[in-house]
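The block underneath contains the structure these notes are about, expressed in structure tokens.
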Amino acid sequence: MNEGGFLAELVPERRLRRLELMITRRLDGLLHGSYLGLLPGIGSEPAGSREYRPGEDEVRRMDWSVTARTTVPHVRTMDADRELGTHVLVDASASMDFGTAELEKRELAIAAVAAVGFLTLGNGNRLGAHLLTGEGVRRFPARGGRTALLSLLRAMMLAPRNQHEAGLGPGIEALHRQTPRSGLVVVVSDFLDGLDEDGLGPAAPAWEEPLRRLAARHQVLAVQVGDPREQELPDVGLLTLVDPETGRRRDVPTASRRLRERYAAAAAQQQATIAQGIKRAGAAHLPLRTDRDWVADIVRHVHSRRRLSRAAANPRRNQT
């Protein structure tokens with residue numbers, strides 16, 4: 001192997017080692033397979049109750065004491081505390097190659113998968129993945145251990161760029177068909193695929209119904225990656241914008257204050273459409289941005305989920 005090829009092979013390894021070191025240093029002790037996970041899930045440790053969803057919840061999980069006390073049907077929730085099966089669905093579409101801050105969105109997606117993987121290693125836990133590529137859905141069977149995780153992250157780093165992906169909705173459907181056993185599913189995407197032509201609604205995103213069916217069987221975390229330039233335009237004069245999915249180009253006069261305000265308002269509406277679709281589907285929502293401390297955002301999410309889980313487990317204490 002020549003020197004250039006050898007160095008090219010080393011780059012992913014060095015990046016993976018730095019990523020692992022940062023995650024394990026900053027998040028060690030927050031999340032382990034034998035403790036509470038990213039989401040309250042199906043397991044063996046009681047975690048409280050929530051309202052019964054007809055057609056989605058199993059009657060055998062009814063919490064009759066809470067149902068009698070509140071007169072509203074409730075089901076028991078459990079913590080996925082051992083032998084957790086986790087599957088990630090990663091969007092590798094062209095729009096994920098965009099980034100104007102510390103990271104590209106694709107790099108942030110890899111970092112999110114790394115965090116999930118490193119923090120659920122051990123105790124027999126396994127991680128599988130579905131990667132949306134130009135050839136369709138590339139599947140990585142669920143395996144345990146650090147070596148398998150690093151192999152998955154390496155494949156994500158080396159995946160071809162600027163390809164038209166298989167579609168987020170069909171990708172979610174494929175994952176749903178191939179993961180019959182309940183567990184934790186993490187969908188990592190910018191969730192821009194499947195929106196209306198202008199991305200502002202009012203129609204539901206095309207991925208919402210598949211995501212709802214997935215959430216009926218699994219505990220689902222939707223990790224939405226974004227970039228600040230998707231939310232607001234800088235005042236830099238005439239700016240040429242290129243749609244990474246279609247290649248269409250448009251010159252935008254960013255010096256116009258009115259145009260920048262209209263853009264920001266439309267971007268906010270688009271984000272609201274995505275957030276509402278995720279919420280209606282019954283998935284937890286974790287927004288990450290390329291200009292923010294994504295590790296701190298994950299920490300805040302974990303703390304928030306734990307507080308909610310403890311509150312659900314101790315309803316009487318909350319009333320006093």
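Some observations on this one:
- Conditions (1) of a type in the set (Ser, Thr, Tyr); (2) exposed (fewer than 15 other Cβ atoms within 10 Å of the Cβ); (3) part of a helix (DSSP H, G or I): number failed by Tyr263: (2)
- Some residue of the stretch 239-254 being surrounded by fewer than 16 Cβ atoms within 10 Å (Cβ to Cβ), touching a residue at least 12 places away in the same chain (Cβ under 8 Å), in a helix (DSSP H, G or I) and out of contact with any Phe, Trp or Tyr (no Cβ under 9 Å at 6 or more places or on another chain): no
- Filter result (closer than 19 Å to Gly171 by Cα, in contact with a Lys or Arg (Cβ under 9 Å, 6 or more places away or on another chain) and of a type in the set (D, E, K, R)) within the stretch 106-146: Arg106
- Yes/no for Thr133 being more than 19 Å from Asp193 (Cβ to Cβ) and of a type in the set (Val, Ile, Thr): no
- Considering only residues in the stretch 117-129 that are surrounded by fewer than 24 Cβ atoms within 10 Å (Cβ to Cβ) and touching a helix residue (DSSP H, G or I) at 6+ places or on another chain (Cβ under 9 Å), the one that is farthest from Arg146 (Cα to Cα) turns out to be Gly128.
- Of all residues in the stretch 86-104, those that are at pLDDT below 85 and buried (at least 22 other Cβ atoms within 10 Å of the Cβ) total 2.
- Enumeration of residues in the stretch 270-306 that are part of a strand (DSSP E or B), among the aliphatic types (A, V, I, L, M) and within 22 Å of Phe98 (Cα to Cα): Leu286, Leu288
The values are calculated or read from the model by the stated rules, or taken from the named source; none is laboratory data. Bear in mind the structure is a predicted one, so any value in this text is a computation, not a measurement. Cβ atoms come from the backbone with ideal geometry, glycine included; neighbour counts cover every protein chain shown.
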